[in-house]
Every structure is written in C-alpha cells, then in structure tokens.
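Asker: Have a look at this one.
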Amino acid sequence: MLRPWAAHWIAAVLLCRAVAQYSSDQCSWRGSGLSHESHRRDVEQVYLRCSQGSLEWLYPTGAIIVNLRPNTEPASGHTAGFHVCIKPHTHSQGSHLYLEHNGDLRMLLAEQDQAQGTVHCFSLAEGALFVEAVPQADISRRITAFQYELVSSQGPGAHLYPYLHPGLVTCEPCSDEEVLMAVCTSDFAGSGVFGGVVSGTNDHSPVVVTLSRLFRQKSRVFAWGGARGRSWRGRINVPTQCSVQPGGDEYLLTGSVHFGKAWLGCAPRYKDFQKLYVRAQKAGTNPCEIDTD
C-alpha cells in the first residue's frame with residue numbers, strides 16, 4: 001500500500017527532480033546517504049544498464065529508486081521476459097526493498113530478511129526497485145548491499161531456476177529445439193555423469209558431476225581433474241523436486257550460472273542428444289557446430 005509521504009517522494013521524482021545519480025560504469029553503484037542527511041526524505045535515481053552488477057548504499061537515509069534495464073539498443077525496447085534477481089549480502093541492513101509501479105509500493109524484502117542472503121526475483125514489468133531507508137537514531141555501521149542479475153525467463157532450461165517462479169518449477173524435459181539451442185547458448189555445456197547429492201536447501205540441492213567433455217563454461221564453475229583424471233568436476237544445483245540418478249548413463253549437461261553457482265538446464269541422455277544432433281546436422285538446422293565424439 002502506498003504511504004502518503006512515499007507518494008509525495010515519487011511524485012517529486014517523476015515531476016521535478018532535476019538531479020539523478022548515475023553509476024560510473026553503468027553496472028554497479030556505490031553511494032552514501034550522508035549526501036542528503038539534512039533532507040532525510042530525499043529520493044535519488046540510480047540507473048544501471050548491465051546484465052549483472054552490485055549496489056552498496058552506506059549510511060542509508062531517504063530512499064533511492066534503482067532503474068535496471070538490459071544493455072541493449074534503445075530502439076529494441078525489449079524487456080519482455082526479463083527478470084531481475086537480487087541477492088543481498090548477509091551483512092546488508094538499514095533499508096527495506098520494495099517494487100514501485102505507477103506510484104504503488106509492494107514489499108519485496110524487509111530489512112530483517114536480508115541476512116539470509118536468499119535470492120529474490122521479479123519481472124521488469126513489475127516496476128523499479130525502491131530502496132527505503134529505515135529511520136534510525138544512529139545510522140553508523142548501516143550498509144545496504146546486494147548483487148543483481150538480469151535473467152531471461154524464456155531461455156532453454158529457465159523453468160528449472162526456482163527463484164524465477166517460486167513454487168512453479170517443472171521438471172519436464174526440454175524440447176528438441178530447446179536442447180539444440182541450449183548446447184549453443186547456455187553458460188555451460190558438456191557431457192558427464194551425476195555423482196552424489198550434497199546437503200542443500202528446501203529449493204535446491206547441489207549435485208557433484210564429472211564431465212568427460214566440456215564444450216564451454218562461464219566463470220570456471222568446473223575444474224580440470226589433471227592429466228590422470230582427464231575430466232572436469234564441479235557442482236550443479238538441481239531443484240529439490242527434480243531427482244537425478246547418480247552414476248550410470250552419461251548426460252548432456254547444460255545450464256546457467258547465477259551468482260557464481262551452476263544451475264541445471266536441459267539435460268537429456270547423451271546418446272539421445274547425439275542422435276538428435278546428427279538429424280539436425282543433416283537437415284541443416286543446427287544453431288551451432290560442436291564436436292560430439
């Protein structure tokens with residue numbers, strides 16, 4: 001519900017605020033509430049135009065509106081299907097996080113919940129991020145800090161990332177078209193076997209994997225086992241409700257990397273993928289070329 005003073009703030013920002021604060025690199029922002037200590041109800045605008053970055057607000061007072069958009073050409077105007085995912089630092093405090101849309105505020109993350117460091121996602125269509133400082137007699141040692149990512153909910157395997165649509169994760173296999181696209185566009189792609197399951201959370205469990213092939217990876221989430229091992233090892237997060245079979249069949253393993261951790265995407269049996277790839281290669285419909293042998 002919109003508070004009267006919040007309505008005044010937002011109206012002031014939209015109609016008459018002349019000064020907006022931009023991050024120097026368009027990806028991350030660091031600022032201090034001390035810049036408007038005498039005007040505790042000031043609202044500042046922050047504009048970020050990257051796929052990922054961070055925000056750090058020292059001694060928060062007043063509020064800031066964080067406008068997040070993908071780094072694409074303005075002419076494209078394409079934000080459909082994009083979500084913002086926020087991961088607060090466990091030391092983050094001093095502010096509540098809301099979504100602001102057409103003057104309405106909806107709570108996203110209260111101050112006391114940020115210490116858990118849990119990821120929260122929302123659609124860009126839901127509005128901008130409104131960060132409101134909690135009134136404090138002593139603002140020293142108060143820092144609001146989080147990482148953010150822009151995530152597409154329409155890519156192959158996106159239905160397995162539990163924070164995009166909480167409670168609506170499906171374990172259905174990807175279509176043939178999604179599998180072919182996943183091996184070409186995912187943050188990581190390779191073939192290997194599932195190992196043991198590591199203790200996780202209610203949402204997901206990390207699974208140890210050993211890869212005999214690695215077509216690509218982002219952020220080095222898999223480590224080479226050396227000359228003797230001749231394989232890559234790492235962990236992939238799998239939604240709790242989606243079971244995997246340790247050992248046995250070899251799988252094509254694709255997925256995304258979020259906040260430095262790998263998440264499972266499309267994962268058919270590798271022998272089935274090889275047959276699919278050969279058919280698509282003969283038909284000339286492969287999005288990319290890889291060495292499947």
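Bear in mind that the values in this text are calculations on the coordinates, not laboratory data. Predicted model, so just to flag it, every value in this text is computed and none were measured. Neighbour counts are summed over all protein chains in view; Cβ atoms, including those assigned to glycine, are modelled from backbone coordinates with ideal geometry.
Asker: Can you tell me which lysines have their Cα less than 18 Å from the Cα of Lys271? Leave out same-chain residues fewer than eight positions away.
Answerer: Lys282
Asker: Continuing with this model, one more query. For the pair Arg230 and Thr285, how long in nm is the line joining their label points, each one 7 Å along Cα→Cβ?
Answerer: Output for this residue pair reads 3.6 nm.
Asker: While we're on this one: Among Gln245, Ala267, Val221, which residue has its Cα positioned farthest towards the positive end of the charge dipole of the stretch 171-283, with +1 placed on the Cβ of Lys and Arg, -1 on the Cβ of Asp and Glu, and the dipole taken about the Cα centre?
Answerer: The Cα lying farthest towards the positive end belongs to Val221.
Asker: Quick one: compute a quarter of the convex hull surface over the Cα atoms of the stretch 88-189 and quote it in nm².
Answerer: Working: hull surface 33.7 nm².
Averaged projected hull area, Cα only: 8.4 nm².
Asker: Based on other C-beta atoms within 10 Å, arrange His89, His101 from fewest to most.
Answerer: On the way: His89 16, His101 13.
If I rank by nearby Cβ atoms, fewest first, I get His101, His89.
Asker: Over the Cα atoms, compute the radius of gyration (one decimal) and Dmax (the largest Cα-Cα distance, rounded to a whole number) for the stretch 171-283, in Å.
Answerer: Gyration radius and largest Cα-Cα distance of the stretch 171-283: 13.6, 44 Å.
Asker: Right, here's the next one. Reachable aspartates and glutamates from Lys218, Cα under 15 Å, same-chain residues fewer than 8 places away excluded?
Answerer: Those aspartates and glutamates meeting the cut-off are Glu149, Asp187.
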